[in-house]
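*Asks:* Dropping the structure in here first, questions after.
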């Protein structure tokens, strides 16, 4: 492969990355942006977390959200805490 072909391939790769990149936030608003899904999944697996979906009625979900907001906690943490308490009995 010629050097020019290598440079063209590098340029195509960079252009592809630029097309897939998100638009950056303004004035630092995007500084605390969440990681992408693949990275988040790896972080969750390393922490021993497993996705577990359930269907709940809306009043119960609203109560969970209110409790999480009152405790300044994540809704996942509140649900885990409540399940642990219930499983002790």
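The values are calculated or read from the model by the stated rules, or taken from the named source; none is laboratory data. Please read these numbers as outputs of a predicted model, since none were measured by experiment. Virtual Cβ from ideal backbone geometry, glycine too; neighbours counted across all protein chains shown.
*Asks:* Within region 16-39, which residues are at pLDDT 85 or above and surrounded by 10 or more Cβ atoms within 10 Å (Cβ to Cβ)?
*Replies:* Scanning region 16-39 gives 16, 39.
*Asks:* Quick one: count up the residues across region 1-20 that are under 26 Å from the mean Cα position of the chain (by Cα) and part of a loop (DSSP other than H, G, I, E, B).
*Replies:* Within region 1-20, residues that are under 26 Å from the mean Cα position of the chain (by Cα) and part of a loop (DSSP other than H, G, I, E, B) number 0.
*Asks:* Let me ask something additional. Between residues in region 51-80 that are surrounded by fewer than 11 Cβ atoms within 10 Å (Cβ to Cβ) and residues that are modelled with pLDDT under 95, which pairs lie under 7 Å by C-beta distance while being six or more apart or on different chains?
*Replies:* 74/68
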